[in-house]
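Participant: The structure's right below; bear with me while I get my questions together.
Derivation of every value follows stated rules applied to the coordinates shown; laboratory data play no part. Just so you know, these numbers come straight off a predicted model, no measurement behind them. Using ideal geometry, Cβ is built from the backbone for each residue, glycine included, and neighbour counts are taken over all protein chains shown.
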Amino acid sequence: MGPEVLQDVTFRIDRGAFRYIKGPSGAGKSSLLRLLSLGRLPSRGELRLFGTDVRQIRRAELPALRRKIGVVFQDFRLIPHLTAIENVLLPLHLARIESHRSEAHVRELLEWVGLGKRMEAKPSTLSGGEQQRVAIARAVILSPEILVADEPTGSVDDAIGRRLVHLFEQMNAIGTTVIVATHNEELIRRTPHEVLELDRGRVNDPGARPAGLDGPAGEDA
């Protein structure tokens, strides 16, 4: 068992909130996002999602919970042999939602994020910024109850970054809880929402009253 990345982390994020998570490299942001997206379970403490302590959930029930959470990974995790549009369609296929209308929605979303001419391209031929936009489109296509994004504007220019954040805010406006880890101070200043600050695995959260998710939760490296 390795050292704990997160220690005595206690916070609450309300359903329907938009929260930034910031902190220096190594602060534990990615580890926290893995917990919030059910990529890992806490080694100790309590993590409540959708009103339920995740450590009390049977493993067979976890996939259904994960389907309620859209995740934008820092390393994108696109399927290499699928095209951009096929990657975005994949969650719909897995959820057994297949129709011409669904594909039209995917095409419209890819157009909106500036990939209208790259839909048939495979990840190996896409730039880092293009891959990031495919990953974001895939994460939001099922209108998840929670959207967790790790540095979603890190590989795109400022104009595309603003457009992506606008997409997140549109989703938040219809009830999606949005949690974004970012180093981008300008982004935080330009689109102000509550900020959860991590420092060496601990929360520095002055005055924030965070729900939906609460701790403490420990994370093994």
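Participant: How big is the dipole moment of the chain about its Cα centre under a simple scheme where the beta carbon of each Lys and Arg is +1, that of each Asp and Glu is -1, and everything else is neutral? Debye, nearest 20, please. List each step's numbers first, then the result.
Facilitator: Details: 31 positive and 29 negative charges, 93 e Å.
With Lys and Arg at +1 and Asp and Glu at -1, about 440 debye.
Participant: Can you tell which of Ala60, Ala17, Ala137 shows the greatest fluctuation in a Gaussian network model of the chain with Cα springs below 10 Å?
Facilitator: Of Ala60, Ala17, Ala137, the Gaussian network model singles out Ala60 as fluctuating most.
Participant: Something else about it: Around His105, under 14 Å between beta carbons, what's the net of Lys plus Arg minus Asp minus Glu among the other residues? Before the final figure, lay out each step's value.
Facilitator: Numbers: positive: Arg101, Arg107, Arg138; negative: Glu98, Glu103, Glu108, Glu111.
The answer is -1.
Participant: Would you work out which of Gly154, Leu78, Ser127 lies farthest towards the positive end of the dipole of the chain? Charges go on Cβ: Lys and Arg +1, Asp and Glu -1.
Facilitator: In the chain, that residue is Leu78.
Participant: Just report the Cα centroid separation between the range 87-131 and the range 141-175, whole Å.
Facilitator: 15
Participant: Just to be sure I understand: with springs between alpha-carbon atoms less than 10 Å apart, which residue in Arg107, Arg190, Arg200 has the highest mean-square fluctuation in the Gaussian network model of the chain?
Facilitator: Per the Cα network of the chain with a 10 Å cutoff, Arg190 tops the list.
Participant: Another one. Based on the alpha-carbon set only, what is the convex hull volume of the range 80-142 divided per residue, in Å³?
Facilitator: On the way: hull volume 4.6 nm³, N = 63.
Once divided by residue count, the hull of the range 80-142 is 73 Å³.
Participant: I need the fraction of alpha carbon pairs in the chain separated by more than 30 Å, rounded to a whole percent.
Facilitator: Cα-Cα pairs in the chain separated by more than 30 Å: 22 percent.
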